[in-house]
Each structure stands twice: as C-alpha cells, then as structure tokens.
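Shown next, in structure tokens, is the structure this report addresses.
Bear in mind that the values in this text are calculations on the coordinates, not laboratory data. Predicted, not measured: the structure shown is a model, and the values here were computed from it. Quick reminder, even Gly has a Cβ in these numbers, built from the backbone with ideal geometry, and neighbours come from all protein chains shown.
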Amino acid sequence: MKRKITDSIVYVGADDLTIDLFESQYQVPNGISYNSYIILDDKITIMDTIDKRCTEEWLTNIEETLGNQEPSYLVVSHMEPDHAANIKTLSEKYPTMQVVGNAKTFDMINAFFDIDLTERMVTVKEGDILSLGSHTLQFYMAPMVHWPEVMVTYEVSEKVLFSADGFGKFGALSVEEPWAEEAKRYYYNIVGKYGVQVQMLLKKAAGLDISRICPLHGPVLTENLGYYIDKYNTWSSYIPEDQGVLIAYASIYGNTAAAAEKMAEIMRAQGVRNVLVRDLAREDMAQVVSDAFTYDKLIVASPTYDGGVFPCVDTFLRKLQMKNYQKRKVGFMENGSWAPMAAKKMREAMEGLKEITICEQVVSIKSAMKAANIDEMKKLTEELCM
Ligand code: FEO
C-alpha cells in the first residue's frame, strides 16, 4: 500500500492480514500493519524497513515512489524484526545509502545481520539534527519503548513525530475500526512493562509542536492529538481508565464459572457498574490483561489444581506481574474439592506488586457454591467496592 501522508511524506508500508500470531503470541483478528515512510527531499530518507513477511510489497512501494532516484538515508528507529528485517536487503539494493541509528542500533545490526556498514553509519544521539534539504530531522532516544535502542524522530518543517512503536495499534490499515481498544491491547501487552520510560518519552514530546504522529503500526494520527497523548499518559501512569470490576476466571466443569457469574450478578445488584466477566481458558488472554488494566478492581477466580492455581490463571497472574500491574484493588475466589489452595497461591503471586490492595474476604467454594458462598460474595463486594 502506497499513499501520500503530506506532499513530501509517502507511506510505503504494508498490511499483514495472514499472520497467525503477532510476535508469535498475540491474536490479531484484523491483522497488523508494518509502517514505513519515505521523506522526499534533496536527501531522500526512508523511515524504517518492515517485516520480512511483506518485503516484496514494500520494495515495490519504494520503487514506485523513487523511480530511478536513490535514497540518501535509512533511519532505523527500532531493531525488532517486524521493522528491521530488511536493513540488509535495502542496504544492498542501494549501496550509497547511509544508515542512521544510535550506538545501540549498530550493535544490534551487527548482531542480526552479516553486513559491514562501517563506511555508511551515521550515528546519532539525543537531540542531534540531520538536514535533508527543506526537512530537518531531530532524534530523541526512547530506550525501552520498547527495546533499548529505540529512538523517535521529529521532522521540524512539517511537525511530524515518527514515534516508533509508540501510539501503534493492532489491526491492518485496510480494516476500519476504532483506535482505542486495539491500541490499548497493543500498549499493555507490548509496552506495558515500560510505563516509566513511556512517561519520559511523553515529557520529551510535550516540548515539541506536533501536527502528525507516524507510528510503526496502525494509522497516522492527524487530528485531536491530545486525545491520543492523554490515553498514553493514563496507560503509562498505570492509572485505571475507569471504575469497574473485571472478574477473570477459569473453570474445569463449570462450577467456578457459575460462581463467577453469581459474583457479577451480586455486584450489579449492589449498583456496581462495569462488571465484566472473562473466561481465561477461552478468551484472548491479551484482551483480559488489557481489561485488567482498564478497571480499578479485579477478582480472580480459580479452581485448585495440583495444589496450586489452574494453569491459565497462573499464566494470567504471571502476565500481570510482567506488565507491572499496580495501583488496583484485588479479590480472590477459589474452588477446591478436598483442599482449596488457589486463593493462598494467588495472594502470594500478587502480594509483591506495587500499590495493590488485597481483600481479606475470600470466596472459598468446595466443589459447587452453597449459601455460605453467597454470603462471602456479598462481603467481598462490600470490601472491594463499597
Ligand atoms: Fe513493532 Fe517493538 O516492534
């Protein structure tokens, strides 16, 4: 896909609608876009390459845009292979092209590729400027958003921020869908661990006059940029986006599922709004992680299994740990036919997390819920929400 972003900036990336799992782990029902841009000026500059799954389409886009002209620079914002896979291919195609990156970028290029760029390296650091003619690039380091070598580029004349993974989303560009939900699922699962680093980048961005954000995935953002920046500020601060309760459960024969649904029913009857029930065994785990960050309260319900928690619940709790889940209130429901242990194990998994309040009241079911469990649910509702 090739299209103009401005008179002198052309999109040359590609949609991938056939990938089974992005990063070999994330479901992308609407695909993903790998974005790459060309700045047309005295010194023609290509902003990042793309995934090897779409090399051919990308090279065609470049050839159609440039004709017989040769690019002067390739700027490498991020070395993850969904963006960097074609550095060697492009460098061989255009032997006079210089490659722009920071010191860490070139270490990674040497690690990923068998290629000697010694005479073609333009090494930049924080604040460095590169003139292309009427366009001027300014480089800002963004370590750990999402890898250590990440940098973003601000083009001064057209006020464009090339934001690397930041402000990206799942979903191909050819598919119409709202930005926020898939951008949030992308953010928390891919960049979520690095909220502090995202905050540092947002502080740098606050000093720039930005009219467009060109990310490496998802649409170019052109209007109402404050909305997107506010979302990123909320997400990276680990502040809940809304009040509500996620009840995330697993159930082997349906008894824990029935208890989770009953818990939701009791909460709704008490006037608690936004009560969402998710089955960890069957629903997209990345979506449930995103839901957990959306709301300020969480209940995890698990059968006891091999003396611990059920495997997909264990994975969910581990993912929350990995993504720096914090600043929320949590309650537990367990089931166990002879020795319920899940609540104890879930508590141990979450105790070390920052600013997490764990409810004392536990709903403890022995096989199937009974009247005493309804009582426990009412008390848990009280402690969690009132
Ligand atoms: Fe889209 Fe961190 O790469």
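Estimated at 0.36 nm per residue, the fully extended path between Lys262 and Lys379 surpasses their Cα-Cα distance by 40.8 nm. With a Förster radius of 45 Å applied to the beta-carbon distance between Phe113 and Asp306, the computed FRET efficiency rounds to 0.50. The lysines whose alpha-carbon is closer than 18 Å to the alpha-carbon of Lys169, local same-chain residues fewer than 8 away aside, are Lys184, Lys193, Lys231, Lys323.
Modelled this way, with points 7 Å down the Cα-to-C-beta line, the labels at Ser367 and Gln326 are 4.4 nm from one another. Where both bridge residues fall in the chain, DSSP classifies roughly 40% of the beta bridges as antiparallel. Helix 342-351 and the longest principal axis of the Cα set of the chain meet at an angle near 40°. Derived scalar couplings between HN and Hα for segment 126-138 equal 3, x, 4, 10, 10, 8, 9, x, 7, 9, 10, 9, 10 Hz in order, rounded to whole Hz, by the Karplus curve 6.51 cos²θ - 1.76 cosθ + 1.60 (θ = phi - 60°), x for Gly and Pro. Within the straight-line cut-off of under 16 Å between alpha carbons, the lysines reachable from Lys345 are Lys319, sequence neighbours fewer than 8 places apart in one chain being disregarded. Springs join every pair of Cα atoms under 10 Å in this Gaussian network model of the chain, and among Ala258, Ala164, Ala14 the largest mean-square fluctuation is at Ala258.
By DSSP, what percent of the beta bridges with both residues in segment 188-315 are antiparallel, rounded to the nearest 5?
20
Once the Cβ-Cβ distance between Leu202 and Ile239 is put in as r, and R0 is 22 Å, what FRET efficiency do you end up with, to the nearest 0.05?
About 0.95, to the nearest 0.05.
Taking the C-alpha atoms only, the angle from helix 55-66 to the longest principal axis of the chain is near 40 degrees.
Share of pairwise Cα-Cα distances greater than 36 Å in the chain is 33 percent (whole percent). Computed from Cα atoms, the angle from the helix 371-385 axis to the main principal axis of the chain rounds to 40 degrees. Counted without the sites themselves, the longest stretch of the chain free of GluC sites (Glu not before Pro) in a DSSP loop having at most 12 other beta carbon atoms within 10 Å is 224-354. Using the Karplus relation 6.51 cos²θ - 1.76 cosθ + 1.60 with θ = phi - 60°, the per-residue 3J(HN,Hα) values for segment 245-253 come to 10, 9, 9, 9, 10, 10, 8, 7, 10 Hz, with x marking Gly and Pro.
Expressed to the nearest 5 percent, the antiparallel share of DSSP beta bridges inside segment 275-386 is 10 percent. The alpha-carbon of Lys93 sits under 12 angstrom from the alpha-carbons of these aspartates and glutamates, leaving out residues fewer than 8 places away in its chain: Glu63, Glu70. If you run the Gaussian network model on the chain, springs between alpha carbon atoms under 10 Å, then out of Tyr154, Tyr227, Tyr187 the most flexible one is Tyr227. The calculated FRET efficiency for the pair Ser157 and Glu70, based on their C-beta separation and a Förster distance of 25 Å, comes to about 0.65.
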